1. Can you give me the ranges of the helices (runs of 4 or more DSSP H) entirely in the stretch 103-220 with at least 1 residues that are within 25 Å of P29 (Cβ to Cβ) and open to solvent by 40 Å² or more (accessible area, probe 1.4 Å)?
2. Checking L131 against (1) within 24 Å of S71 (Cα to Cα); (2) over 17 Å from the mean Cα position of the chain (by Cα): exactly one of these is not met. Which one?
3. Could you run through the stretch 19-72 and say how many residues are more than 27 Å from Q271 (Cβ to Cβ) and more than 16 Å from ligand 2 (Cβ to nearest atom)?
4. Kindly indicate whether L237 is in a strand (DSSP E or B), open to solvent by less than 10 Å² (accessible area, probe 1.4 Å) and within 16 Å of ligand 2 (Cβ to nearest atom).
5. Name the single residue, out of those in the stretch 250-264 being more than 13 Å from ligand 1 (Cβ to nearest atom) and open to solvent by less than 60 Å² (accessible area, probe 1.4 Å), that is nearest to H28 (Cα to Cα).
6. Quick one: what pairs do we get from the stretch 169-190, first residue under 15 Å from N67 (Cβ atoms) and near ligand 2 (Cβ under 9 Å from one of its atoms), second open to solvent by 30 Å² or more (accessible area, probe 1.4 Å) and in a loop (DSSP other than H, G, I, E, B), C-beta under 6 Å, 6+ apart or different chains?
7. Which ones in the stretch 237-253 are touching a residue at least 40 places away in the same chain (Cβ under 8 Å) and in contact with a helix residue (DSSP H, G or I) (Cβ under 9 Å, 6 or more places away or on another chain)?
8. Looking at the stretch 90-102 only, could you name the residues that are surrounded by 20 or more Cβ atoms within 10 Å (Cβ to Cβ) and in contact with an Asp or Glu (Cβ under 9 Å, 6 or more places away or on another chain)?
Amino acid sequence: MTMTDLKATASQIRRDIIRMVYAAQSGHPGGSLGCTEFFTALYFKVMQHNPDFQMDGLNEDIFFLSNGHISPVWYSTLARSGYFPLLELNTFRLINSRLQGHPTTAEHLPGIRIASGSLGQGMSVAIGAALAKKFNKDSHFVFSLHGDGELDEGQNWEAIMSAPKFKVDNLISTIDWNHQQIDGPTDVVMPEGDLRAKFEAFGWLTLEANGNDMDEIVATLEKAKSMTGQGKPIAILMHTIMGKGVDYMEGHHEWHGTAPNEAQLKSALAQLPETLGDY
Ligand SMILES: Cc1ncc(C[n+]2csc(CCOP(=O)(O)OP(=O)(O)O)c2C)c(N)n1
Ligand SMILES: [Mg+2]
């Protein structure tokens, strides 16, 4: 896909996020909108993956979403990548839907390999899956995404410490560094300081990127791939803006998990060009 196509796709995914959360009158638009370029870059450019979904993910790149509350951006990306019918986005958060608010495996939605509503577990899983790829002589990569607020959960730091010890050098973990979480700014809730320095101190190779700049996030993910195989895991500290693309949501933790009303829906959609057709 060209950069122009990627940017157009991101605009459509943002519309999907807003429409899904509005229809359900619940869900998480803030982190979803902030990570839209990342998901678009990953699924439409960077990863070698198969929409004809196989749970074991052998001989393809695989992705784990650890901050599972941003499921709207993932569901839209998966549907628009061909994993399941686009119209199924209409069932977001409905009882018995495969598109639960937080992804689970019980509903067998193609693309989902772990449940991730409970924060803090995805890094451990990604490390295990990356080690399994090595045992299986599978040279593909494991990608993962984590919230910055999510890093308050201590299990992350056990995982971050163990990955260099086991030389997990086929793992590219990205942190959504938006400085916001459910109850307020991360600096207020639990100051995290210099996350890049922390990952480096734990033995990771690190990169930093503006996650809302499509050219930059594509280039950074490609650079990360080129840094694999050196005995160390790779972290991308990705600067994003919560609610990116919808002016009244940008930078406000209140939009972590709030649904827009009808007037807010109209205002948001007016800011996001319909490029591929609404579902
Ligand atoms: C183990 C666990 N503790 C607490 C929560 C409640 N919770 C849901 S989202 C969230 C904040 C996460 O912040 P961040 O990862 O920065 O996400 P963002 O608000 O930026 O989307 C919390 C505390 C949870 N889902 N799981
Ligand atoms: Mg955050």
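The values are calculated or read from the model by the stated rules, or taken from the named source; none is laboratory data. All figures in this text were calculated on a predicted structure; none of them were measured in a lab. No Cβ is skipped: glycine too gets one built from the backbone with ideal geometry, and neighbour counts run over all protein chains shown. To get the accessible areas, we keep the full protein, side chains included, count just its heavy atoms, and leave off ligands, DNA and RNA. Shrake-Rupley method; radii C 1.70, N 1.55, O 1.52, S 1.80 Å.
1. Helices (runs of 4 or more DSSP H) meeting the threshold: 186-189.
2. Evaluating L131 over (1) within 24 Å of S71 (Cα to Cα); (2) over 17 Å from the mean Cα position of the chain (by Cα) leaves (1) as the failure.
3. The qualifying residues number 18.
4. Yes; evaluated as a whole, the condition is true for this residue.
5. Of everything passing the filter in the stretch 250-264, A259 is nearest to H28 (Cα to Cα).
6. Cβ pairs passing all conditions: T186/H179.
7. Those that are touching a residue at least 40 places away in the same chain (Cβ under 8 Å) and in contact with a helix residue (DSSP H, G or I) (Cβ under 9 Å, 6 or more places away or on another chain): L237, M238, T240, I241, M242, G243, K244, G245, V246, M249, H252, H253.
8. If the condition is that a residue be surrounded by 20 or more Cβ atoms within 10 Å (Cβ to Cβ) and in contact with an Asp or Glu (Cβ under 9 Å, 6 or more places away or on another chain), then L99, Q100 are the ones that fit.
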